[in-house]
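The values are calculated or read from the model by the stated rules, or taken from the named source; none is laboratory data. Quick caveat: nothing in here was measured; it's all calculated off a predicted structure. Note: ideal-geometry Cβ built from the backbone for every residue, glycine included; neighbour counts use all protein chains shown.
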Amino acid sequence: MTTSAPAPGSSGTPDRELLRRYHQHGDVSAREELVERHLPLVRSLARRYAGRGELIEDIEQVGAIGLIKAIDRYELDRDVALTTYATPNVVGEIKRHFRDRGWTIRIPRALQELNVKMSGAVERLTVRLGRSPTIAELAKELDATPEQVLEAVEAGSAYSPVSLSASPGNEEDLDLMEVIGTEDEGYARSEERASLEPALGELPEREQKILRMRFEEGLTQTQIAERVGLSQMHVSRLIRRSLESMREAMAE
Amino acid sequence: MTAPPVSQPELVELETPIGSEWDPVVRLVLGGVADRLGLGFEDLDDLQLAVERLLAEAGAQRAVKIAFELSPGRVRIHVGPLREAPIAEALQGPPPAPGELELRRVLETVVDSFGVEEAAAGELVVRLDKRVGPR
């Protein structure tokens, strides 16, 4: 038996009705409401994977993609609650993320742990010193060697918190890869460069904001981190991956 | 044990295949250079991004040389020879329009200065400069 009672504070419309409106009538607002309604489920599932070297907000972001896929793939004639159907999708997406990008690429545990400690150490030292710490200062803070610090930083760079398949949130709700791949076909290389701006516009809002703060306003990563409430290392990863995602998308 | 700071010009050279799978090698060397110079963690990140972006634009070229010239308080990096003409266009042409996020704007943001130097015919070397911030 399907049970789909709406969450407290929601519009009160049952999940099934929202799914019907989305799948049969293309009502994107119904889809958005479903996503919003079930984000607590994503957060709950994401928490199970905390402490594995990945920031919880990144895991939640990946889990949200699983939720969106579940909503899109849901078949109305199935007698199953959306939460039941979505849970394995969300977990699967998170596991895939870890498998593809995470620590399962056999990073030694000591390096994983050092990387996890690194972000906090960078924050502490930045505050204490009033500037970005050197590798030697980080090594001392973490009771490690400079080589270990560099290896741990490199190990952390295996992550990819940015997903090009994340919905850009526009009305069409098209997959970003589809949007960029279609529009840029046949473009010359120099023209691709000129059209990076549209690609920027297709990144998630947070990443757009961060890139603009860094490359238009000239803020440092530390200043951006303070403004958006992330760690400097997280900001660094988002910048690098966003630029790479844009470049890859333009090259397709 | 802390190594003594760089007190005279030193040169570190690397020849590497181009490709994202080789980026970690370049990043680690850059990290070692940054450590020797006492460059801040964030400055190191900037330099890594600059070199990565440059190599990403290098196109089909198979390999590249990267020279790191260390002086007290400064590193100068030469990347090349590069045979990708669009890199020269991107770095030497008119400034990018506001809002455009291309190689030139990235380099302007993350290094103190950069330039393009002619190498052999049809080849160029890109120079990147980064100073150690105040202590």
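Right, A:ALA152: facing chain B (nearest Cβ under 10 Å), outside any loop (DSSP other than H, G, I, E, B) and touching a helix residue (DSSP H, G or I) at 6+ places or on another chain (Cβ under 7 Å) or not? It is false that A:ALA152 is facing chain B (nearest Cβ under 10 Å), outside any loop (DSSP other than H, G, I, E, B) and touching a helix residue (DSSP H, G or I) at 6+ places or on another chain (Cβ under 7 Å).
Closer than 30 Å to A:VAL116 by Cα, charged (D, E, K, R) and at pLDDT below 85, is that true of A:GLU191? In short, no. Put simply, of A:VAL127, A:VAL149, A:VAL122 the only residue that is surrounded by fewer than 19 Cβ atoms within 10 Å (Cβ to Cβ) and within 23 Å of A:THR220 (Cβ to Cβ) is A:VAL127. Whether a residue is touching a helix residue (DSSP H, G or I) at 6+ places or on another chain (Cβ under 7 Å), of a type in the set (Val, Ile, Thr) and crowded, with 17+ Cβ neighbours inside 10 Å was assessed, and B:VAL75 passes this test. Answer yes if at least one residue in the stretch B:113-126 is more than 13 Å from the chain's Cα centre (by Cα) and either buried (at least 18 other Cβ atoms within 10 Å of the Cβ) or within 11 Å of chain A (Cβ to nearest Cβ) (or both), and no otherwise. Within the stretch B:113-126, one or more residues are more than 13 Å from the chain's Cα centre (by Cα) and either buried (at least 18 other Cβ atoms within 10 Å of the Cβ) or within 11 Å of chain A (Cβ to nearest Cβ) (or both).
Every residue, every condition in (1) under 29 Å from A:THR145 (Cα atoms); (2) within 13 Å of chain A (Cβ to nearest Cβ); (3) of a type in the set (Lys, Arg), yes or no:
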| residue | (1), (2), (3) |
| --- | --- |
| B:PRO24 | yes, yes, no |
| B:PHE41 | yes, yes, no |
| B:ASP46 | yes, yes, no |
| B:ALA58 | no, yes, no |
| B:ALA67 | yes, no, no |
| B:SER71 | yes, no, no |
| B:PRO94 | no, yes, no |
| B:GLU102 | no, yes, no |
| B:LEU107 | no, yes, no |
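Among the conditions (1) modelled with pLDDT under 95; (2) of a type outside the set (Lys, Arg); (3) in contact with a His (Cβ under 6 Å, 6 or more places away or on another chain), the only one that B:VAL64 does not satisfy is (3).
A single entry from B:ALA50, B:ALA63 fulfils the requirement of being aliphatic (A, V, I, L, M) and within 14 Å of chain A (Cβ to nearest Cβ): B:ALA50. For B:ALA97, only one of the following conditions fails: (1) under 17 Å from the mean Cα position of the chain (by Cα); (2) modelled with pLDDT under 90. What is its number? The single condition B:ALA97 does not satisfy is (1). Every condition in (1) in contact (Cβ under 8 Å) with a residue 40 or more places away in the chain; (2) farther than 23 Å from A:ALA155 by Cα; (3) within 8 Å of chain A (Cβ to nearest Cβ) holds for B:PRO86 except the one numbered (1).
Within the stretch A:207-246, being facing chain B (nearest Cβ under 9 Å) and either touching a residue at least 40 places away in the same chain (Cβ under 8 Å) or under 22 Å from A:LYS117 (Cα atoms) (or both) holds for A:THR220, A:GLN221, A:THR222, A:GLN232, A:MET233, A:SER236, A:ILE239, A:ARG240, A:MET246.
From the list A:ILE65, A:ILE71, A:ILE56, A:ILE94, the one residue that fits, being in the same structural domain as A:ARG37 (by TED's automatic domain parsing), closer than 17 Å to A:HIS234 by Cβ and among the β-branched types (Val, Ile, Thr), is A:ILE56.
The rows are residues; the columns are (1) in a helix (DSSP H, G or I); (2) of a type in the set (D, E, K, R).
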| position | (1), (2) |
| --- | --- |
| B:ALA34 | yes, no |
| B:ASP43 | yes, yes |
| B:ASP46 | yes, yes |
| B:LEU49 | yes, no |
| B:ALA60 | no, no |
| B:LYS65 | no, yes |
